[in-house]
1. Based on the inverse mean of 1/r over its pairs of different Cα atoms, what is the Kirkwood hydrodynamic radius of region B:69-187, in Å?
2. Based on the mean of other Cβ atoms within 10 Å per residue, sort peptides A:68-74, A:185-191 so the most packed one is first.
3. Helix B:170-182: angle to the longest alpha-carbon principal axis of chain B, degrees 0 to 90, nearest 10?
4. Mind checking which of B:262, B:134, B:323 is farthest towards the positive end of the protein assembly as shown's charge dipole, using Cβ charges of +1 (Lys, Arg) and -1 (Asp, Glu) about the Cα centre?
5. On the accessible surface of chain B, probed at 1.4 Å, how many percent belong to carbon and sulfur atoms?
6. Given a Förster distance of 25 angstrom, what is the FRET efficiency for residue A:40 paired with residue A:254, based on the Cβ-Cβ distance and rounded to 0.05?
7. Just how large is the dipole of the protein assembly as shown about the Cα centre, in debye to the nearest 20, putting +1 at every Lys and Arg Cβ and -1 at every Asp and Glu Cβ?
8. Looking at the protein assembly as shown only, what percent of DSSP beta bridges run antiparallel? Nearest 5 please.
Amino acid sequence: MFLKAFLRLIRKNYLFTAGCLICLFWILAAILAPVIAPYDPIAQDLAVKLNPPSAAHFFGTDNFGRDIFSRVIYGGRYSLLAGVVTVVCVTIIGSIYGAIAGYVGGVVDDVMMRLSEVILSFPQLILAMCINAALGSNLFNTIIALIVVAWPGYARLMRSVVISVKENQYIEAAEALGASKFRIMFREIFPNSISSVLIMATTDLGNQILLFSTLSFLGLGSAPPTPEWGMMVSDGVSYFNKFWVAGFPGLAIFTMAVGANFIGDGLRDILDPKLRKQVG
Amino acid sequence: MIREETARPDFLEAPEPEKNILLKADDIRVTFRGKDRKTTVKAVDGVSLSIHKGEILGIVGESGCGKSTLGRAILNLIPLTGGKVYFEGQDLSTLSKKEMKDMRKKMQIIFQDPSASLNPRRTVEQILFEPYIIHGYKDKNYIRKDILRLLELVGLAEYHLSRYSYELSGGQKQRIGIARALALKPELIICDEAVSALDVSVQAQVLNLLMDLKKELGLTYLFISHNLNVIYQISDRVGVMYLGRLVELGPYKSLYEEPAHPYTEALLSAIPQIHEENRRERIHLQGEVPSPINPPSGCHFHTRCPHTCEVCSMDVPPWRKVGDRHFAACYWNPKSNEHII
């Protein structure tokens, strides 16, 4: 029954469908990379360096003669992994932190929120760079840096939603029935608050991929010769008259970010139970 | 000088067998702190009353007079600043967490807004399962059977179980709220404006349902409402609240026919009546309800009272017996039209 309503919704919600298709495309491409990619992504062939797109190299080649099409396909593995892992971790950490602060309130809330504001007071990118530089730059540390930078935003959103949700009478009804604080938190408040955070997470997936790419672009993400979208754009800027070098990985980042945003928008409609009724 | 502590309506009542008293509130106070943590609002300012087994005690008052807060304080949903609540002679403040949880089975609440009191993400079935799960019932078949019994009691059918609350009408939602309150077989139910959010026709249905349930299950109600007609229809005794204090308490008939407190009189004169012969002379009170942050001295009502005199602004009026089980906290005697000091 739910699946049916869901399918009907997808048909009505074109943006959501488009977002799903775009993301599915990139995920499949990343998984099936060894099958799809015609070349080894790190194999150099200086004889064909900086060739424009052709039948042999769909997206052309870079300054080392590496096939950009293969690199873009493989690159999805890193960018998507970094984006998804970051967003999942941040959603879990931020929503639990924010829910506790919002539900308990008082001094606990004050202290917890001031702590999170310490992180918010730094520019995101600069802080991520510092953390990354301090820990050493590799994929894992970059993800850590992204998580540290991003969770306070989620916590703040969750806190504000929880504060409004906990005023509802069904919370009081649960108290009157004798439900424990833990139960009220996870059975009554959490399910009614989490949807805004989930929407933020999907919308933010694009941002995180961008931020990850930015860090790579600045030379702080994964180390060369790893095929990573941000780093490929970074390599490409030295050859700005050869548009394909930076253009195709840039296009990959762009479509992925847009796709994730579409899903976020669509999810907002789906997760609103009232709207679900009207459409279904 | 008579202080309020020395005179509470309960102590004036004819001694009754203790076992008939289901719940006793003894001088309960609830104070809220303002945003700046300096100003305090005395939402409930020393209310004493007792609810007898099987009776319906109605509480009326304007919005903001503290009647809902009183209901929540009695249920221990908000902490008391002072005073004690006794349920079947047991002081609720001395109970441990676990004992309080067991105590919750015996007293339940029905809320004003039926849509806000049901979790929008859960089906009716999940909502009704909740009380059983919280109190450790394991047998799913038993719970299901009991839920079907509840649904029948409140006039709903099995197919409603799979619905979400937003798929139900206001009256149906309120019935779910009632069913949830009944699940643990309580003795006392606090109806906090339980019918105020409903259409008049649905209001009558729900009131009838509440009356039927009372007869069938031997329930006791504390019925909080601002609607004087509803209170008149349903209550055995009525308490009138003004600015956090109880000002008059008595059987509904004598309170409605011979109000002893000028505030009650003014409230009753405001009830719209269709028949001219039933209409009372409309008493227009002067001014606004004073702020509970800074209530008037002495009798809270003296700033608006048509019968005020010097002493009213100095001392809190003591409780005075004005009829059979009928008490008023007022210096003015409506019968002789003079002040009793």
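The values are calculated or read from the model by the stated rules, or taken from the named source; none is laboratory data. On a predicted model such as this, the values are computed, not experimentally measured, just so you know. Heads up, the Cβs are rebuilt from the backbone with ideal geometry, glycines too, and the neighbour counts pull from every protein chain shown. Each accessible area value is taken on the protein alone, full model and side chains, heavy atoms only, with ligands, DNA and RNA left out. Shrake-Rupley method; radii C 1.70, N 1.55, O 1.52, S 1.80 Å.
1. Numbers: mean 1/r = 0.0649 Å⁻¹.
In region B:69-187 this quantity evaluates to 15.4 Å.
2. Values: A:68-74: 25.1, A:185-191: 19.3.
Highest-to-lowest ranking by the protection proxy: A:68-74, A:185-191.
3. Approximately 90 degrees, to the nearest ten.
4. Result: B:134, furthest along the dipole toward the positive end.
5. Working: 7830 of 15880 Å².
Carbon and sulfur: 49 percent of the exposed surface of chain B.
6. Values: r = 26 Å, r/R0 = 1.03.
My answer for the efficiency is 0.45.
7. Working: 65 positive and 60 negative charges, 267 e Å.
Roughly 1280 debye, rounded to the nearest 20.
8. Values: 33 of 50 bridges.
The antiparallel proportion sits near 65 percent.
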